[in-house]
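The block underneath contains the structure these notes are about, expressed in structure tokens.
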Amino acid sequence: MTRKKLLHFFFVTLALCLAIAPVFSLEVDEPEIRSVAGDTVEFINYNGPHSVINTLEQIKSIGTGLGVVIAPNRDVSTTAGGRNRYYVIHAVDPTTEEKLDADILIIGEDATVDHIRNLRHIIASYLVAAYDYSEADAQTLAVFVTVYNAVYRGNMEVFNQRYKSVVTDNLTPDKAGLSVNYADWPGKSQIVIPLSSTEGGLGTVDTTVISDKEVIDSMREDDDMGIDDRKDLVDIKEREADLAEEKAAEAQQEATQETEKLREEQQELREAQKEATEAKQEAQQAQAEAQRNPDDEQAQQRAEEAQQKADEAQEAVDQQKEVVQEQQQVVEEKQREAEEQQEIADQKREEARHDRAEIAKDQQKLIEQGYSDAEGVFGLKYIDDTYSVLVKLNKENGNLIKESPVTVIRGRTVVPAAENFMAIAGTNTGNGAVKLVLLDTEGMEIIAQSNEVAAEKSVLVKDGSDYYAVIKDGGNWLIGKYNNQLQLLLKSKIAVHEATPITLTDSGLIVTDPKGIARLLSYDDLSLVDTSNPVQVINEK
């Protein structure tokens, strides 16, 4: 199947129905709801505090480091990165036009990326460095690449249909594509990025393949039906159509110029044939004369010279025929290129038109559902005996408007903190940490976290503009007093039990020390009020 036929096949289907430092997550992100063959699935990310937070630039540098290795070697198969962390197989086979080339991004066993947004940053920065995409376009493509790979996770039948053997030879059924659970990414991910060409820029990544019906249907399962990302991809397709039309016009112009050259070469061939015919006739005449006068040395010499001239003339004809044939091939190639580019332009234009119509329908559905302006109330939803999640419900009918991506809230408690909510959240596995966090009311995402580690079983108590929780200090657990910006104001002078209740009284805080004794702490400095029972005092640092 040629590149042109493959593109047409996918369009019809659509119309019909390194070794670089490990990466950790940024705190802020959004839930990714997807659907595969009617089964709703969700990208499961770690959405809690972290013990180490890499900057966005550090995360992007992973993809950039891979891309700069591939960029000078686009036309040949090559690799970049380290297999234990982040690794790219640039799988291309220029000897065949059937099916697609691809890049395969492998997440190694030692990689620690744990959120889909950061994975998309790595993919986007790779596309920028390897293929000269703009940052905005690369981010859009990264969204669709991840959804595409989640939709077709482990589906070797589809991968075999669409990709060259140089690609599929590097895929295994249990790793091909992308799991929806971040815990399954390290050592178990082969993210396929389909390539339409290796030229770089618009049209390099096959936008038709990564936005097929299954992918778009899955994006419709999201709260906002993926409208913004889908609009951005339509914009890319329209610009791909514009670029293809420009290439078609250039190729057609070149075909016209090469056709003129062909005419000139054909004229030279006709002249050469005429000269060869005349030289052949003269050679025949000279040969006849030589045969009539076998003893005439001059006649014999004239015959030889005439024959040599005829042979040279015929050789010139043969050479000119090759020139004409080669020029004919150039013309045909340019005409074929013009036709293929125009077909790509037409198909991309039609795809964009179809996509925009579908987006308009989905936007109308959102309006009818009142999604955009629904007012809501906030509360917690039970996940399990350890964790809860913040949700927003329509205050008129109780329908779910949005669910926080932060699924590791502890203690069954969130409290207002100025314009935000404060909670204790997180896990002590991997790069996770249990800390106090602030969640905004827009996306219910983490916008800040405490510098101090909190106890897994700590309560969170609000007293006016002050907030109390159990925090780690060296080898001890103390009471920490915070403001609504998560700035630590005070630490208790004594150690407490890590699961101590915190009770507000008129005289101070009642807490429990490590020996199980109830203690009263002053609001002023969190020092011990009850001095009748001696207790070890923790020196302030």
Open item on the list: Along the Cα→Cβ direction, 7 angstrom out, place labels at Lys365 and Arg263. What is the inter-label distance in nm?
Closed with: 5.7
Task: Relative compactness, the stretch 361-491, computed as alpha-carbon Rg over 2.2 N^0.38 Å - done: 1.17
- [ ] Please report, in cubic angstrom per residue, the volume enclosed by the convex hull of the alpha-carbon atoms of the stretch 361-432.
- [x] 135
Task: Along each principal axis, Cα extent of the stretch 391-464, largest first, Å - done: 39, 32, 20
Open item on the list: I'm spelling it out carefully: the read-out is Cα extents along the principal axes in Å, the candidates are (1) 148, 51, 35; (2) 86, 66, 50; (3) 75, 51, 50, and one was derived from this structure. Which label?
Closed with: (1)
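Suppose R0 equals 45 Å; then what is the FRET efficiency for Thr505 and Glu375 from their Cβ-Cβ distance, rounded to the nearest 0.05?
In this case the efficiency is close to 0.75.
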- [ ] Can you pull the one-decimal nm distance between simple spin-label points at Glu315 and Met156, each 7 Å off the Cα toward Cβ?
- [x] 5.9
- [ ] Starting from the amide H of Glu498, placed 1.01 Å from N in the peptide plane, find each other amide H under 5 Å away whose residue is 5 or more places distant or on another chain.
- [x] none
Task: Pair Gln298, Ile517: separation of 7 Å Cα→Cβ label points (nm) - done: 14.3
Task: Pairs beyond 29 Å (Cα-Cα), from Lys402/Lys457; Lys365/Lys392; Lys60/Lys462; Lys175/Lys213 - done: Lys60/Lys462
- [ ] Determine, from the Cβ-Cβ distance of Gln485 and Gln325 and an R0 of 56 Å, the FRET efficiency 1/(1 + (r/R0)^6), rounded to the nearest 0.05.
- [x] 0.10
Task: Segment Glu332-Glu109, length gained on full extension (0.36 nm per residue, minus Cα span) - done: 75.3 nm
- [ ] Please name whichever of Val391, Leu119, Val143 sits farthest to the positive end of the charge dipole of the chain, dipole taken about the Cα centre and charges placed at Cβ: Lys and Arg +1, Asp and Glu -1.
- [x] Val391
Task: For Leu490, residues with placed amide H under 5 Å, excluding near neighbours - done: Lys481
Open item on the list: Tell me the per residue accessible area of the stretch 310-466 using a 1.4 Å probe; a whole number in Å² is fine.
Closed with: 52
- [ ] Select from Gln307, Thr172, Ile210 the residue farthest towards the positive end of the dipole of the chain; place +1 on Cβ of Lys and Arg, -1 on Cβ of Asp and Glu, and compute about the Cα centre.
- [x] Thr172
TODO: Treating only the Cβ atoms of Lys and Arg (+1) and Asp and Glu (-1) as charged, compute the dipole magnitude of the stretch 102-149 about its Cα centre; round to the nearest 20 debye.
DONE: 160
TODO: Might you report the magnitude of the Cβ-based charge dipole of the chain about its Cα centre, with Lys and Arg at +1 and Asp and Glu at -1, to the nearest 20 debye?
DONE: 3440
TODO: With a 1.4 Å probe and every protein chain kept in, tell me what percent of the accessible surface of the chain is carbon plus sulfur.
DONE: 46
Task: Length gained when the stretch Ala357-Asp75 is fully extended (0.36 nm per residue, less Cα-Cα span) - done: 97.8 nm
Open item on the list: Just to confirm, what accessible area per residue do you get for the stretch 114-210 at 1.4 Å probe, in whole Å²?
Closed with: 27
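The values are calculated or read from the model by the stated rules, or taken from the named source; none is laboratory data. Remember, it's a predicted structure, so these values are computed and weren't measured experimentally. Cβ coordinates were reconstructed from backbone atoms using ideal geometry, including for glycine residues, and neighbour counts include every protein chain displayed. Just so you know, the surface numbers come from the protein's heavy atoms only, side chains and all, with ligands and any DNA or RNA stripped out. Shrake-Rupley method; radii C 1.70, N 1.55, O 1.52, S 1.80 Å.
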